[in-house]
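Heads up: the structure comes next, in structure tokens.
The values are calculated or read from the model by the stated rules, or taken from the named source; none is laboratory data. Not measured: the values here are computed from a predicted model. As a convention, Cβ positions derive from the backbone with ideal geometry for all residues, glycine included, and neighbour counts pool all protein chains shown. Side chains are part of the model used for accessible areas, which takes the heavy atoms of the whole protein and leaves out ligands, DNA and RNA. Shrake-Rupley method; radii C 1.70, N 1.55, O 1.52, S 1.80 Å.
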Amino acid sequence: MAQKEEPAAAAAPASQNGEDLEDLDDPEKLKELIELPPFEIVTGERLPVNFFKFQFRNVEYSSGRNKTFLCYVVEAQSKGGEVQASRGYLEDEHAAAHAEEAFFNTIMPAFDPALRYNVTWYVSSSPCAACADRIVKTLSKTKNLRLLILVGRLFMWEEPEIQAALKKLKEAGCRLRIMKPQDFEYVWQNFVEQEEGESKAFEPWEDIQENFLYYEEKLADILK
């Protein structure tokens, strides 16, 4: 499978985060641009249709799909049994930070240690080795967190390092499985922008079931 493509490094503080550097003679403007972070984490409740159709498609060869989209459902349960749910999505804008890392940095800080959390991720592709390591470490020190990760594709699954990382996720108590056609439909209905006042039905692509079975077999072989 094709690797996630690394964006070219900027040679100068030019056009970070889409900013147009037209006037670098202004010291204040230049200072502001230089201080911009090297990446931006995009968040929201619903992602554009074209992003879903391209990035989440469970193709075998993922050339060009170099971003990670992570849709999440967080269920917080109090000792009295009351459950509060929230959801949204994260998108990594550059290779400097992946969406999995962004979840821990931007969503988890709001977690209440007194509550129990069941978190479900719907991710366009499975975690890289570094993100898997972060997930393992987070689960080991956050006893009130249970995590289920559903992935559209397996990222670089032939690589021994990735296979070892996926096994560590399982050993750490993280539940990991491949997205079924029904899961893609759930993401479509709950995380993808719909026409105002009209919900368009999910139209599965031709090989969605075949590719699900392909990746399901690969994951089972890795985790056995």
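How many residues are open to solvent by 60 Å² or more (accessible area, probe 1.4 Å) and closer than 26 Å to MET156 by Cβ when one looks only at the range 196-208?
2
Out of the residues in the range 99-115 that are part of a helix (DSSP H, G or I) and among the acidic types (Asp, Glu), which is farthest from the chain's Cα centre (by Cα)?
Selected residue: GLU101.
Identify, by number, the condition in (1) open to solvent by less than 50 Å² (accessible area, probe 1.4 Å); (2) over 17 Å from the mean Cα position of the chain (by Cα); (3) within 18 Å of LEU90 (Cα to Cα) that ASN211 doesn't meet.
(3)
Which pairs do you get when a residue that is of a type in the set (Lys, Arg), found in the range 171-184, comes within reach of a residue that is in a helix (DSSP H, G or I), reach meaning Cβ atoms under 8 angstrom, with the pair 6+ apart or on two chains?
Once the first residue is of a type in the set (Lys, Arg) and sits in the range 171-184, its partners that are in a helix (DSSP H, G or I) give ARG177/GLU216; ARG177/LEU219; LYS180/PHE212.
Suppose we filter ALA110, ALA99 for residues that are aliphatic (A, V, I, L, M) and open to solvent by 70 Å² or more (accessible area, probe 1.4 Å); which single one remains?
ALA110
Check off (1) open to solvent by 50 Å² or more (accessible area, probe 1.4 Å); (2) in contact with a Leu (Cβ under 9 Å, 6 or more places away or on another chain); (3) closer than 24 Å to LEU145 by Cβ for GLU193 and give me the number that stays unchecked.
Here GLU193 meets the rest and fails (3).
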